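Asks: Take a look at the following structure, please.
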Amino acid sequence: MATAAKIFRLAGILKRAHNFSGELIAADRLHVSLFFLGALRAGEGCAVCRKHGAALPIPPFEISFDRTATFGRQPGNRPFVLFGGEGLSQLRWFREKLGIELGLKGAANRQFEPHVTLLYDRHRVEEHPLGEPVSWIVNDVVLVHSLNGHEHVAKWRLRG
């Protein structure tokens, strides 16, 4: 949770710097989405993840976000996000392996831009590098049901 608090503080600084009016995403809701599993009911998703995800022999790995930008070109509520380049290569690789293991090969092959959404705003800003990258070690994978709030329905630790 220390990393989420750090990201939340950074988001507050960036919100003021860019003169955003949108609400910050709460620290306990900050995340990196790997897949949308909307076709699966929460119980089915848990079973799939327990069976396949927990069996993946992948050790914890580091990820690093080094830039911010507004995603999307459509007017309205645009996501302002942390994202990066080379510091996310292991996450991209992990997502591909997890997608194959979960039977989501088609989804695993789709374009994927790992990011952490900090807030939504009408205002748009271009890509900007961070002075210091935001990094952490990925130790866990969590299945989140997010239709009404964020409910953690399954979780497993990475181990190699």
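Laboratory data are not the source of any read-out in this text; all were calculated from the coordinates shown. Since the model is a prediction, treat every value here as computed from it, not as a measurement. Note that each Cβ is placed from the backbone with ideal geometry, even for glycine, and that neighbours are counted across all protein chains shown.
Asks: Let me check I've understood the local charge: for residue 21, count other residues with C-beta under 10 angstrom from its C-beta, Lys and Arg +1, Asp and Glu -1. What total comes out?
Replies: Net local charge, residue 21 excluded: 0.
Asks: How charged is the neighbourhood of residue 121? Take every other residue with its Cβ under 11 Å from the Cβ of residue 121, and add Lys/Arg as +1 and Asp/Glu as -1.
Replies: Working: positive: 15, 78, 122, 124; negative: 23.
That works out to +3.
Asks: Taking amide hydrogens as modeled 1.01 Å from N in the peptide plane, which residues meet the under 5 Å criterion relative to residue 136, leaving out close sequence neighbours?
Replies: 63
Asks: Ok, one more. List the aspartates and glutamates whose alpha-carbon lies under 16 Å from that of residue 6, not counting same-chain residues fewer than 8 positions away?
Replies: Hits, sequence-local ones excluded: 28, 66, 132.
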